[in-house]
Amino acid sequence: MRYIDHFEFIFLDVCNTFMFEVDCFSREERYDKTYFEIGGNHFSKNEINELLWNWYETMNADYQNPDRYENFGNSRFYLKKVLNGQALPESEIKLIEKVIGIHERGVIPTDYQEIIKQLAKGHRLGIISDIWADSPYFFEILDNYNLTDFFERIIFSADIGAIKPSKKIFDTALKNLEIPNSKILYIGDSLLRDIGGSNKAGIASVWISYKRDLKPKNGEMPNRIVEDLTKIFELK
């Protein structure tokens with residue numbers, strides 16, 4: 001019997017679980033190119049690059065802070081923080097938010113699209129995922145790949161102000177499912193956030209290892225380990 005067949009409902013992480021080329025927020029990233037391509041003209045090349053790098057560093061510092069797991073602002077909150085009182089038209093703020101969304105979201109390869117469709121044939125599916133951009137940018141990607149309707153429940157951290165491994169985001173996803181926790185599985189690639197959060201919520205988990213060694217720091221032990229989501233049907 002396949003391991004997944006012990007469960008009725010399967011939740012998936014998104015970034016680096018079935019969506020790739022994500023989180024393009026390095027110091028070398030050309031935010032200015034994206035900004036100008038979508039019509040930005042308020043900031044110069046250097047200004048927009050510096051603004052978004054400062055935004056990333058500020059938001060990432062809180063993302064790594066356990067004290068912020070249950071109280072994590074959205075991209076606009078941190079954008080206004082780094083603007084430090086500088087007033088911008090709403091249209092400009094939305095434009096910068098779009099740049100953030102474009103740089104955070106990625107692509108869903110064909111074989112991962114097929115995995116989702118195959119999983120949906122025998123299971124109810126959902127998403128629990130941390131994102132920094134507004135959720136419409138990720139719903140748009142799911143829509144573009146015709147995948148949205150395969151998911152019965154989609155919970156993005158940006159919509160609830162909490163990030164994994166907080167139990168809050170998992171409790172939001174599990175609310176009113178009317179399924180015992182023993183019949184719910186979570187699949188993700190982060191030991192800290194995905195496996196740690198699943199453990200707190202009292203549901204089983206599968207860690208996607210990508211051939212990494214299992215080195216839990218706070219007891220984040222998954223129920224099963226798989227090298228890649230494409231091998232999930234092989235798991236016993």
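Quick notes
- Answer residue from the range 72-95, given it is within 26 Å of the chain's Cα centre (by Cα) and not in a helix (DSSP H, G or I) and is surrounded by the fewest Cβ atoms within 10 Å (Cβ to Cβ) among those: GLY73
- Exclusive hit being surrounded by fewer than 20 Cβ atoms within 10 Å (Cβ to Cβ), touching a residue at least 12 places away in the same chain (Cβ under 8 Å) and part of a helix (DSSP H, G or I), set LYS231, LYS217, LYS200: LYS200
- Single unsatisfied condition, VAL206 versus (1) more than 17 Å from the chain's Cα centre (by Cα); (2) modelled with pLDDT of 95 or more; (3) not acidic (Asp, Glu): (1)
- Screening the range 136-184 for residues that are assigned to a helix (DSSP H, G or I), within 13 Å of the chain's Cα centre (by Cα) and touching a residue at least 60 places away in the same chain (Cβ under 8 Å) and picking the one that is nearest to ARG224 (Cα to Cα) gives SER157.
- Among (1) farther than 26 Å from ASP228 by Cβ; (2) buried (at least 24 other Cβ atoms within 10 Å of the Cβ) - the single one ILE187 does not satisfy: (1)
- Among residues of the range 68-85 that are touching a residue at least 60 places away in the same chain (Cβ under 8 Å), those with a beta-carbon under 6 Å from a residue that is among the charged types (D, E, K, R) at least six positions away or on a different chain give the pairs ARG68/ASP62; GLU70/LYS168; SER75/GLU97.
- Exactly one residue out of PHE43, PHE25 is more than 25 Å from ILE141 (Cβ to Cβ) and touching a Leu at 6+ places or on another chain (Cβ under 9 Å), and it is PHE43.
- Test: residue in the range 124-131 that is within 21 Å of CYS24 (Cα to Cα), of a type outside the set (A, V, I, L, M, F, W, C) and part of a strand (DSSP E or B): yes
- Taken over the range 22-71, the residue count meeting the criterion of being outside any loop (DSSP other than H, G, I, E, B) and touching a helix residue (DSSP H, G or I) at 6+ places or on another chain (Cβ under 7 Å) is 15.
The values are calculated or read from the model by the stated rules, or taken from the named source; none is laboratory data. Treat the numbers as computed from the prediction; the structure is a model and nothing was measured. Every residue, glycine as well, gets a Cβ built from its backbone with ideal geometry; the counts of neighbours run over all protein chains shown.
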